[in-house]
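Throughout, read-outs are computed from the coordinates displayed, never taken from laboratory work. Not measured: the values here are computed from a predicted model. Because the Cβ atoms are built from the backbone with ideal geometry, glycine has one as well, and the counts that use them run over all protein chains shown.
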Ligand SMILES: C[S@@+](CC[C@H](N)C(=O)[O-])C[C@H]1O[C@@H](n2cnc3c(N)ncnc32)[C@H](O)[C@@H]1O
C-alpha cells in the first residue's frame, strides 16, 4: 500500500496559483487536479489550504509510480472539501480506469461537501461518515492500494517557530 500524508500546517489561500497553472496554463501536458471554483464549501468544513495543495503536488509527482502499482482501491481519511480525493481521481485519469475511491470524514458537512465536489467534477466515490475507518476494517482489510491523509493539525504558536528542542 502507498501512503501519502501532508506534513504542512499552513495558512489558507483559497485560490491557488498552482491550481491555475495546472488547469489552465498547460492543460494538455499535466494531468488535471480538482478546480477550486468547483470545490464546494461550508463554514464548518476545512477549505483546501497549502497543505492540501502540497499533498496533491505529491500525488501528481508520484503519478507514474501510482499507476505502475495498478491500484484498484484508493482511500482518503478526512476528506474535508473533497479537493484531494477528487484530484487523485483526476490525476489517475483514464489510465486509472476501474479504480474505486472511498473517502471518510467524521464531519457530516464534509461528507456532503465532498459529494458535491466530486459530482461537480464527474467523479464517483463512496463517501462514509465515520471516525477514521471505523466499521470498515474487515471489509477493507488488505484491499486499500493507496491511502491519503491530511490529518488535523494544530498551528505552531509564533513564539515557538525556529526555537530549539521539541517545541520547534
Ligand atoms: C486538515 S483537514 C484535511 C481536509 C482535506 N483532506 C484537505 O486536505 O483539504 C482534516 C480533515 O480530517 C477530518 N477529521 C478529523 N478527525 C477525523 C477522524 N477521527 N476521522 C475522520 N476524519 C477526521 C476533519 O473533519 C477534516 O475534514
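Quick notes on this one:
- Computed over segment 12-152: relative contact order in percent, which uses C-alpha pairs under 8 Å that are six or more apart: 28
- A Stokes-Einstein calculation at 10 °C with viscosity 1.306 mPa s, built on the Kirkwood radius of segment 12-152 over Cα pairs, returns a diffusion coefficient of 106 µm²/s.
- Burial ordering of 118, 147, 75, fewest other beta-carbon atoms within 10 Å first: 147, 118, 75
- Protection proxy ranking of 84-93, 41-50 - average other beta-carbon atoms within 10 Å, highest first: 84-93, 41-50
- Ranking of 37, 63 by neighbouring Cβ atoms within 10 Å, starting from the fewest: 37, 63.
- Each distinct pair of alpha carbons in segment 38-102 adds a 1/r term; the inverse of their mean, the Kirkwood radius, is 12.4 Å.
- Counting every other Cβ atom within 10 Å of each residue's Cβ, 161, 149 order from fewest to most as 161, 149.
- Measuring max minus min along each principal axis, the C-alpha atoms of segment 83-167 give extents of 49, 29, 26 Å (largest first).
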